[in-house]
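Let me begin by presenting the structure, written as structure tokens, before commenting on it.
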Protein chains: 4
Amino acid sequence: MRFIRDEIIEKAKQIKLLAFDVDGVLTSGQLFYTSQGQEIKAFNILDGLGIQLLHDHGIKTAIITGRESEMVAQRASELNISHVFQGCQDKLSTMQELLDNSCLEFADIAYVGDDLPDIPLIRQAGLGVTVPNGHLFVKKYADWCTLTSGGNGAVREVCDLILEAQGFLLLSLEAILESQ
Amino acid sequence: MRFIRDEIIEKAKQIKLLAFDVDGVLTSGQLFYTSQGQEIKAFNILDGLGIQLLHDHGIKTAIITGRESEMVAQRASELNISHVFQGCQDKLSTMQELLDNSCLEFADIAYVGDDLPDIPLIRQAGLGVTVPNGHLFVKKYADWCTLTSGGNGAVREVCDLILEAQGFLLLSLEAILESQ
Amino acid sequence: MRFIRDEIIEKAKQIKLLAFDVDGVLTSGQLFYTSQGQEIKAFNILDGLGIQLLHDHGIKTAIITGRESEMVAQRASELNISHVFQGCQDKLSTMQELLDNSCLEFADIAYVGDDLPDIPLIRQAGLGVTVPNGHLFVKKYADWCTLTSGGNGAVREVCDLILEAQGFLLLSLEAILESQ
Amino acid sequence: MRFIRDEIIEKAKQIKLLAFDVDGVLTSGQLFYTSQGQEIKAFNILDGLGIQLLHDHGIKTAIITGRESEMVAQRASELNISHVFQGCQDKLSTMQELLDNSCLEFADIAYVGDDLPDIPLIRQAGLGVTVPNGHLFVKKYADWCTLTSGGNGAVREVCDLILEAQGFLLLSLEAILESQ
């Protein structure tokens, strides 16, 4: 695994909930429109397994996005992401409510975002993460930037960081090796 | 922000309207065709917020494209782009008419294009911009070339340049930080 | 324009017909399948204008592909490509027939292909071209390899080479500049 | 062809069956979802010809994937891949059964995978292969990693390795050159 500063590892150790934006994070930011009025989004298989491994070890996940689409609902359902907030204009307030209902604090969450509306939540989150394709301003406020761009496995990289920091990543590997 | 020559900043300060081509600028230039006769275009989330921020600060936007599609109409409507010219064969005349009706001059507009038919308008525009994936000839006539390629946030880069030159970019950030 | 060997320029001067493969040349090689049995191909806007400029200057174009799809028929029709051979198993024989009917010789044609079945035609063509994403063996037999990969404007690059060699490229630019 | 260690060539000489994962291997890992509930996958033309060449020389192929989709069934049918295991939770057991029914041993198979669930089979396979976009852990267990990423011709690279090691690649080329 790439070298990661101790400070980031320490933050990752505390994470009980990983929240992320959709466009530019779970996707590359491409919005496909068809001539019949349909929309298409491209997710990535790598992120899916990372989210599943977090769930296996009791770490929760949430989606917070400014847009609304059927595709996000479908992907979230497939991955058993219990908290899905679409059409969200104020991501920080949304997260505050979620925390209030979950007995969690900002230090317990990691958040991955790529553009200006993500900055307030990135600043408050215990671990604020952005992606290489993110806006320059977002990079200034994030604790950490993934190597992989959005839609190519960026969220998996954050999942791996959290799993590694909490000692679960090798356990996941061993479970897979032993089960077979 | 990347280093930008003073001359470009000066031009960007004057811009009251940002116009852009679609294929190769707002998209990567890919034209998706389906076996049932549908067409698909892939826009980018980053451009959307840039256009919205321009509108917030009173800078208008326009689309001028040689092709015609439902997808462009839909995306333009979603982003509240008031001036949309599709199937346009003579982009310079179209812009001339738009300027006549808007009490604007060529020095007041920026235009982003990627291929030969864009050159006349790029030459006349106060700020003529192209993209890395643009034709070599277009690059010779453009004042500026974005770092990001079309469909990956090139238009956002021009929005940021204009916002920055006019002192609005940090204001946008502060508005977001304070509203939450 | 990039440096091009005299030998290639000489070959390009003779070209009266540009033929090309589809998958990997006019597209990136991606074959999109939908869960409802549709297929999708992604063409590129840059290639379209190049083909149109060739036609403007009396140079013909042809598609020769081993697969069959509605999308190719649609794109070819849109671009007025008169010779379209789909489901073609022996590309060299197909071209031989086309030449016989057109009073052309192999020295008069350029052909762009990316994989083993393209090699016989690439060897016979006056100008045999491949793409960076083409198979290693094809590169050994091609006279020239584009800088741009298939689906990103590779065919446009060949169009520009032919137009430039025959003195038409600057004419095209001047026509555009003067018409507006 | 790139330099390949003798040990890998030796392993490739023994291969009678090439099996591979789908998402991240036969595709880039992108999962396209439409607003009408359809799914889309993007395969690559290069892999198709490689699989066909393997079949021509009596080497079998198999798909083993954890997900289920119509698109994989369609592509597999088109390419005459006789063994297709979708929705597979334990890839090693699935392969064991296939071997039992085929009078083959693990030393006779190559397997290409990209993520943790592929590791047990990659370890057992005579030739365990991964892709540049694969997970770091997978790379530690694989004998070989392709240069091309999944969905861009990674499987073709493995086909070529096997064909080359068994002396079939130049034969394929000669057959194509002579038949025309």
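Okay, here's what the table says:
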read-out: Cβ-placed point charges (K, R +1; D, E -1), dipole of region C:90-180 about Cα centre in debye, nearest 20; value: 340
read-out: Beta bridge orientation in region C:6-178: antiparallel %, DSSP, nearest 5; value: 10
read-out: Cβ neighbours within 10 Å from other chains - mean over D:23-30; value: 5
read-out: Sum of side-chain charges, A:M71 neighbourhood, beta-carbon under 9 Å (Lys, Arg +1; Asp, Glu -1); value: 0
read-out: Inter-copy separations for A:P132, label at 7 Å along Cα-Cβ, nm, ascending; value: 1.1, 1.1, 1.5
read-out: Magnitude of the charge dipole, chain B, Cβ model with Lys/Arg +1 and Asp/Glu -1, debye to 20; value: 280
read-out: DSSP-defined antiparallel bridges as percent of all bridges, the protein assembly as shown, nearest 5; value: 30
read-out: Accessible area expressed per residue, chain D, with surrounding protein chains retained (probe 1.4 Å, Å²); value: 38
read-out: Local electrostatic count at B:I8 - Lys and Arg +1, Asp and Glu -1, tallied over other residues with Cβ under 13 Å; value: -3
read-out: For region D:68-101 and region B:53-103, distance of Cα centres in Å; value: 50
read-out: Number of partner chain Cβ atoms within 10 Å, mean per residue of C:85-95; value: 1
read-out: Vicinal HN-Hα couplings computed from phi for region C:127-134 (Karplus, 6.51 cos²θ - 1.76 cosθ + 1.60; Hz; Gly/Pro x); value: 10, x, 10, 10, 10, x, 7, x
read-out: Accessible area of region D:1-94 belonging to carbon and sulfur atoms, whole % at 1.4 Å probe; value: 46
read-out: In Å², nearest 10: area of D:D90 left accessible to a 1.4 Å probe; value: 40
read-out: GNM result for chain D, Cα springs below 10 Å: residue of D:Y33, D:Y141, D:Y111 fluctuating most strongly; value: D:Y33
read-out: Per-pair calculated FRET efficiency, R0 = 51 Å: B:I4 and A:Q96 via Cβ, rounded to 0.05; value: 0.85
read-out: The protein assembly as shown - mean residue ellipticity at 222 nm from DSSP helices (-39,500 (n - 2.57) per run, n ≥ 4, rounded to 500); value: -12000 deg cm²/dmol
read-out: Packing-based ranking, highest mean first, of A:22-28, A:48-54, D:71-77, A:6-12 given that Cβ atoms within 10 Å are counted; value: A:22-28, A:48-54, D:71-77, A:6-12
read-out: Added length on full extension, which subtracts the Cα-Cα distance from 0.36 nm per residue, B:R123 to B:L147; value: 6.6 nm
read-out: Positive minus negative residues near A:K140 (Lys, Arg vs Asp, Glu; Cβ under 15 Å); value: -4
read-out: Accessible area buried at the B-A interface, both sides summed, 1.4 Å probe (Å², nearest 100); value: 2500
read-out: Other-copy label distances relative to B:L170, 7 angstrom Cα-Cβ extension, nm; value: 4.8, 4.8, 6.8
read-out: Candidates D:I119, D:I40, D:I81, ranked by Gaussian network fluctuation over chain D, Cα under 10 Å, top entry; value: D:I40
read-out: Test item: D:44-53 mean partner chain Cβ contacts at 10 Å; value: 5
read-out: Computed over chain D: relative contact order in percent, which uses C-alpha pairs under 8 Å that are six or more apart; value: 28
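The values are calculated or read from the model by the stated rules, or taken from the named source; none is laboratory data. Computed from a predicted structure; not experimentally measured. All Cβ positions, even for glycine, are placed from backbone atoms using ideal geometry, and neighbour counts span all protein chains on display. Calculation scope for accessible area: heavy atoms of the full protein, side chains included, ligands and nucleic acids excluded. Shrake-Rupley method; radii C 1.70, N 1.55, O 1.52, S 1.80 Å.
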